[in-house]
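A short write-up of the structure that comes next.
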Amino acid sequence: STRNCPCKMSQLPQKSPLASPLSEGVTSMVDSLDNLSMDSFWLEVENIKQSTEAEQEECSLADVKTQEEGEAEAEWLQDAGLSDLIGDHASENDNVVLLSTLTKTQAAAVQRRLDTYSRSRRRKNKPPVRDVRDIFGVVGSGETVAEKEESSPDLLWHNLRTSNVQKQTQDYSCTVRNPGKEELFNMDVAYSEQAAVLLKGTFLSESKRIKDGNALTKFKIPKGRLGVTRIGDLSAQDMKKIPTLALIELTALCDVLGFELKRNKAAKLKATEKRLFGVPLNTLLENDQKLLPNTKVPLLLQSLLSCLEKRGLETEGILRVSGSQTRIKSLEQKLERDFYTGLFRWDEVHQNDVSGLLKRFIRELPAPLLTAEYLPAFAAVQNIPDLKQRLQALNLLILILPEPNRNTLKALLEFLSKVVAREKNNKMNLWNVSTVMAPNLFMHKGLPSKIPEGKEKQLAEGAADVVRMMIHYQDLLWTVSSFLVAQVRKLNESNSKRYQFCDKRIKNLLRKIHADKDKVEKNQAEPSKVVKVHASLLLKDSLEVRLNNATRVADVLKQFQKNLCQNGWNIVNTVNLLK
């Protein structure tokens, strides 16, 4: 039955034309589960409704404006790091390095968006032409093919692509290949290139569907030439380049599969006076980092998860059984007042109330944890028939997420895995946890709701299945594909070649380093026991320090202090300097 809720499923998109012939295989991802299996989902929706009824008047949302023609493509090119291609003085000079790293399918995706943007600009600048039907009237109600093509220049290409993909994907009826068995997950070749190869041939697979959590296919990442790179392995500078490359690759993959990658504009909420709940992740982390530098996950979330891990993992129905809404609201107020003072007593809080606070924290974020821009894309993953390609799309989406969102999501998923691991005691299996958490991740008051009538059950099951994949395959999803690492390396190499030896000082420094290295190699047989300390601002001459196995830092500083005093420094200034 349809459940009315003030915070409906946030813009879970309808399936594309490609998805319709595949609906029999996709819409019943979990059809082996009985009808009661979604009760946890709808119960959670009712709990959310009850908890937000009293606050409806407080939610003042900005309207999400529909994007004009070409606007979406312009935003995409900007997010892909290719904004210079669409300016008034468009030039490829600044983008030639990035473009040179792209695969054929990635380059085609970029070209397609650029062509669409260029056509929209030409249309805007072109004076309107009177339609002949406005003069002589309309003879028939039907449109000709030529008229359709004129109204939508991409329609012919889209129809050809769709019909071609439909022909090639007649055997895509399965949702899982070889359930329970182990398959290789190739990260050396771009996902879009792999999909293009599969579409050229006939993709035959065993038509087996998911029956339970234990039957999910196991994937193994083969160690290639570059090894296996986790998200945390890359430097911050290199990691900044990954989201743009991942966005281009995700778009190329969707193009090959015939799915439209829809992105929202973020809706703006009124600023809140609260310090914890309803506060943007970036603001929370900035406040937390003042207390604990290098904090990557909000301290409140860490405390909630830690409390549940200590006392809630064994509790039957944890996450599913809701705590008292009155107590949860009271606890929220106490946390706002006492959390940062350290006076809040976690040991006095019931576990079900803590799980309610956890879900409330996620829902109350001003923007969805999966981001307003990409929430529709996360939801649309369910429409991809093949499990491996669904995981490829999820992997790219997670790489696109802002770092605070990605780190927070990872902490949450790690906790949910621990809940599932204690299934025997808490009676919460993978599907139960997924159905309970899906409404909290996919429903958001800051986004409009567009649910086709009669599609509620299908979309609910799809959202729960996406959450299940994120929990079960999180180690795979938090891996940076080797082909993306290779693209980053190519970017770095191209940039270093461009600026190599452009400064004479760098040349001289390198020459000096090599000269010093040669001297060291010559004198390796005679290890040096005297070092010279140069401090030209403090000492006129260099300070010679004799070293032996017993020399300590204090000995060097003492000699330095003595030398300063001999050069006219008073003892107070010397001590302050050394401090």
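Pull up all non-local amide H partners of Thr229: gap of 5 or more, or a different chain, and H-to-H distance under 5 Å with H placed in the peptide plane.
Val480
Taking θ = phi - 60°, what integer Hz values does the Karplus form 6.51 cos²θ - 1.76 cosθ + 1.60 yield along region 320-330, in sequence order, with x for Gly and Pro?
7, 6, 7, x, 6, 5, 5, 5, 5, 5, 5
With label points built 7 Å along Cα→Cβ from the Cα atoms of Lys427 and Glu182, find their separation and express it in nm.
With each label placed 7 Å out from Cα toward Cβ, I get 3.5 nm.
Scan around Met443 for amide H atoms under 5 Å from its own, H built in the peptide plane at 1.01 Å from N, and keep only partners 5 or more places away or cross-chain.
Counting only residues 5 or more places away or on other chains, the set is Ser10.
Please report the accessible area of Phe378 (heavy atoms, 1.4 Å probe, ligands and nucleic acids excluded) in Å², nearest 10.
Near enough 0 Å² of accessible area.
Using modelled backbone amide H atoms (1.01 Å from N, in-plane), which distant-in-sequence or interchain residues come within less than 5 Å of Glu183's amide H?
Lys218, Phe219, Lys220
Using the Karplus curve 6.51 cos²θ - 1.76 cosθ + 1.60 with θ = phi - 60°, what ³J(HN,Hα) values do you get for each residue of region 473-487, in whole Hz, with x for Gly and Pro?
10, 4, 5, 5, 5, 9, 9, 8, 4, 4, 5, 6, 4, 5, 5
The values are calculated or read from the model by the stated rules, or taken from the named source; none is laboratory data. What you are looking at is a predicted structure, and each value in this text was computed from that prediction instead of being measured. Neighbour counts run over all protein chains shown; Cβ positions are idealised from the backbone, glycine included. The protein model used for the area step is the full one, side chains on, heavy atoms only, and it has no ligands, DNA or RNA in it. Shrake-Rupley method; radii C 1.70, N 1.55, O 1.52, S 1.80 Å.
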